[in-house]
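Notes follow the structure.
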Amino acid sequence: MSDGVRVSLRAAQPGDIRALAAAEHECFEDPWPGPYFASELVAPARFHRVLVTADGTLAAYLFTAWQYLDLHVLKVATLPAYRRQGLGRRLMEIAENHARQVGGESLTLEVRTTNEPAIGLYQALGFEPAGIRPGYYSDLSDALVMTKSIRCTN
């Protein structure tokens, strides 16, 4: 897919849960179970988006939660067949735009300390290391906490 894939953006829906759960197994060593997605869809202070192809195939997804004025990125993933086409970057930019529109001051996320491609993307988007969460993942590997201030200074 060197010419890129055409996708459309929309909010995640209950009908996406099966595809999201399957995608989690493709994308993560410690996937969320389907019920997590179901609960996130109805939880308060959440923002979630999916990118789907013309035939409705899930290509990438984003799940976030507001923690006061910080938009915490819980999940952002691109399925392997759609990687290296800017979909993850697009979702992160959408999250940042949402945060700005509603008066947020920052975005925060955790990423495996060994996930160099993701860390590079987040750094390119202006995220900075903020600390380490030892044993954060189910296999007890560490997470790098990264944050980006978006506070408007007038």
Extension gain from Arg84 to Asp55, taking 0.36 nm per residue of separation minus the Cα-Cα distance = 8.4 nm
ask   = With +1 on each Lys and Arg Cβ and -1 on each Asp and Glu Cβ, how big is the dipole of the chain about its Cα centre, in debye rounded to the nearest 20?
value = 460
request  = Loop only per DSSP, at most 16 neighbouring Cβ atoms within 10 Å: give me the GluC sites (Glu not before Pro) in segment 1-36, ordered by residue number.
outcome  = Glu29
message = With unit charges on the beta carbons (Lys and Arg positive, Asp and Glu negative) and the dipole taken about the Cα centre of segment 23-154, which residue among Leu79, Gly103, Ala45 sits farthest to the positive side?
response = Gly103
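Residue separation times 0.36 nm, minus the C-alpha to C-alpha distance between Ala38 and Arg133: what's the value? Write out the running numbers ahead of the final one.
On the way: separation 95, 0.36 × 95 = 34.20 nm, distance 2.64 nm.
So the extension gain works out to 31.6 nm.
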request  = Please calculate how many Å² of accessible area segment 1-49 carries per residue, with a 1.4 Å probe and no DNA, RNA or ligand atoms counted.
outcome  = 64
request  = Could you do me a favour and compute the accessible area per residue for segment 76-154, 1.4 Å probe, result in Å²?
outcome  = 57
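Quick one: pull the percent of accessible area on the chain belonging to carbon and sulfur, 1.4 Å probe, ligands and nucleic acids left out.
Details: 4310 of 8560 Å².
On the chain, the fraction of accessible area on carbon and sulfur atoms equals 50 percent.
The values are calculated or read from the model by the stated rules, or taken from the named source; none is laboratory data. Predicted model only: the values in this text are computed from it and were never measured. All Cβ positions, even for glycine, are placed from backbone atoms using ideal geometry, and neighbour counts span all protein chains on display. Only protein heavy atoms, including side chains, enter the accessible area calculation; ligands, DNA and RNA are left aside. Shrake-Rupley method; radii C 1.70, N 1.55, O 1.52, S 1.80 Å.
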